[in-house]
Amino acid sequence: MTNQPADARQSSTVGAAATPSHEDARTPRVLVVDDSPTVLRLVAQVLSNAKYSVVTATNGADALRCVQGGMASIVVSDWVMPEMTGLELCRAI
């Protein structure tokens, strides 16, 4: 797990689990899931710039753990990923 500051909020990359800090309780927390580091960074930055609290995961299995742990209210996911596809993630949620 690595935390990367984004504006006044933090964007967290998820291994097993992460909790973003410095966020307003009213700010929607978005989980971005993509196995491409470039796409993940781009989408996370755009959402952070729009004042969303962002958590990231690089595969569907990690993303599912985040959702089950209550770490996100919105999920934006890639469709084709190893381990668990975006479709499998949606079905599991």
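The values are calculated or read from the model by the stated rules, or taken from the named source; none is laboratory data. The structure presented is a predicted model; accordingly, all values stated were derived computationally and were not measured. Neighbour counts are summed over all protein chains in view; Cβ atoms, including those assigned to glycine, are modelled from backbone coordinates with ideal geometry. Accessible surface areas use protein heavy atoms only, side chains included; no ligands, DNA or RNA. Shrake-Rupley method; radii C 1.70, N 1.55, O 1.52, S 1.80 Å.
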Of the numbered conditions (1) in a loop (DSSP other than H, G, I, E, B); (2) at pLDDT 75 or above; (3) open to solvent by less than 20 Å² (accessible area, probe 1.4 Å), P20 satisfies every one except a single condition; which is it? (2)
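Yes/no matrix, rows are residues, columns are (1) of a type outside the set (S, T, Y); (2) touching a Cys at 6+ places or on another chain (Cβ under 8 Å); (3) in a loop (DSSP other than H, G, I, E, B):
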{"site": "V67", "(1), (2), (3)": "yes, no, no"}
{"site": "A72", "(1), (2), (3)": "yes, yes, yes"}
{"site": "W79", "(1), (2), (3)": "yes, no, yes"}
{"site": "E83", "(1), (2), (3)": "yes, no, yes"}
Quickly run through the range 51-66 and pick out the residues that are buried (at least 18 other Cβ atoms within 10 Å of the Cβ) and either within 24 Å of R26 (Cα to Cα) or in contact with a strand residue (DSSP E or B) (Cβ under 6 Å, 6 or more places away or on another chain) (or both). Y52, S53, V54, V55, T56, A57, D62, A63, L64, C66
Out of all the residues in the range 35-50, which are in a helix (DSSP H, G or I), polar (S, T, N, Q) and open to solvent by less than 40 Å² (accessible area, probe 1.4 Å)? S48
